[in-house]
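Since the structure comes first, as structure tokens, the remarks are kept for the end.
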């Protein structure tokens, strides 16, 4: 079988083409269609496979199988028949922008800091690039600025196929040892790299390059990039969010960060005041119980498990039997029950069985949760 002719290397802007179906078989992901020629780029080099249509069937993905390009389709095509292929051009062009922008960013990092690109992924949300060394925020900003200067210079992106001898004398980036004909992508002043992917013809078509996040990864750093149309859409989304936050806080957009800091300080003050008020409430609940009380049951709203336990323990110092519940009739109650004289572990089993509860523990304290109304709980405990 003859290898698939790859039209994207002849004209990367080819959006539609005619071809002949050479093979079609049912695969795990769909119908696997092979053509005599195609403009669909197969997944490789960190770039996803193209999508689009072949006649009336949709191309869901494009993969490489040896010397053939396999189109994963949602329906079969008759071998020997002619078909018109059409790329999802908006998606492809965005991938070309992202791939070309990544070359500029990675090339500049390599030139300035000597770090290698050890991983590259063009995801749905952003482009991620892994480098072999760490970069500070200031250094990332420097790379980002130089990358955008290269975009504004509208440089030609060259595609070359050097001879074996020429390749030996060429300083270029590559993640692995290459055999056979090597395709070199050159962006003057930014990058020289072996690559099989698709790229725009001039850097001006890439659009903005923005580093939006970074994190430690292995012994280096992973940087998330927004490039081209996706960078603009990312900016538009964040700009809209800032406008809404600005309106909610009644401050200009450039003052939102400071306004949020003030709100955080106020929130911490309110939390501290709430803790103090809650402590006073708990102290009062304990003080109200006379020493030597036989049984005390308290329902208190908005207590966390630690507060329930502490209150029950304090009440048990003044009463032979102490039970504390926090919650409501609709969602149920968390509880702690204490007693110095009663076998509360055995009591808890009958309590949970009767009131749809769960939990347990060892004497003199049990804890758990119960799905029952306050009136039923009180009736059980007081009879």
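Kindly check whether there is at least one residue in the stretch 21-28 that is closer than 25 Å to residue 120 by Cα and without any contact (Cβ under 8 Å) to a residue 60 or more places away in the chain.
Here is the first cut: in the stretch 21-28, the ones closer than 25 Å to residue 120 by Cα are none.
Within the stretch 21-28 (the criterion being closer than 25 Å to residue 120 by Cα and without any contact (Cβ under 8 Å) to a residue 60 or more places away in the chain), the answer is no, since none of the residues qualifies.
Note on the stretch 281-321: residues that are assigned to a helix (DSSP H, G or I) and touching a residue at least 24 places away in the same chain (Cβ under 8 Å) amount to 14. Within the stretch 23-56, work out how many residues are surrounded by 18 or more Cβ atoms within 10 Å (Cβ to Cβ) and in a loop (DSSP other than H, G, I, E, B). So the count comes out to 9. Does residue 182 satisfy being surrounded by 18 or more Cβ atoms within 10 Å (Cβ to Cβ), farther than 19 Å from residue 224 by Cβ and touching a strand residue (DSSP E or B) at 6+ places or on another chain (Cβ under 6 Å)? It is true that residue 182 is surrounded by 18 or more Cβ atoms within 10 Å (Cβ to Cβ), farther than 19 Å from residue 224 by Cβ and touching a strand residue (DSSP E or B) at 6+ places or on another chain (Cβ under 6 Å).
Is the stretch 75-83 home to any residue that is touching a residue at least 40 places away in the same chain (Cβ under 8 Å), part of a strand (DSSP E or B) and touching a strand residue (DSSP E or B) at 6+ places or on another chain (Cβ under 9 Å)?
Just the residues of the stretch 75-83 that are touching a residue at least 40 places away in the same chain (Cβ under 8 Å), to begin with: 75-83.
In the following step, the residues that additionally are part of a strand (DSSP E or B) were identified as 82-83.
Right, trim to touching a strand residue (DSSP E or B) at 6+ places or on another chain (Cβ under 9 Å) and you get 82-83.
Yes, there is a match, as at least one residue in the stretch 75-83 is touching a residue at least 40 places away in the same chain (Cβ under 8 Å), part of a strand (DSSP E or B) and touching a strand residue (DSSP E or B) at 6+ places or on another chain (Cβ under 9 Å).
For the condition more than 30 Å from residue 379 (Cα to Cα), touching a strand residue (DSSP E or B) at 6+ places or on another chain (Cβ under 7 Å) and surrounded by 13 or more Cβ atoms within 10 Å (Cβ to Cβ), residue 242 does not qualify. So is residue 334 crowded, with 18+ Cβ neighbours inside 10 Å, in contact with a strand residue (DSSP E or B) (Cβ under 6 Å, 6 or more places away or on another chain) and either touching a residue at least 24 places away in the same chain (Cβ under 8 Å) or on the phi > 0 side of the Ramachandran plot (or both) or not? Against the criterion (crowded, with 18+ Cβ neighbours inside 10 Å, in contact with a strand residue (DSSP E or B) (Cβ under 6 Å, 6 or more places away or on another chain) and either touching a residue at least 24 places away in the same chain (Cβ under 8 Å) or on the phi > 0 side of the Ramachandran plot (or both)), residue 334 qualifies. Regarding residue 238, is this residue in a strand (DSSP E or B) and either outside the structural domain of residue 160 (by TED's automatic domain parsing) or under 20 Å from the mean Cα position of the chain (by Cα) (or both)? The answer is no for residue 238.
The values are calculated or read from the model by the stated rules, or taken from the named source; none is laboratory data. Remember, it's a predicted structure, so these values are computed and weren't measured experimentally. Counting neighbours? That spans all protein chains shown, and the Cβs are built from the backbone with ideal geometry, glycine included.
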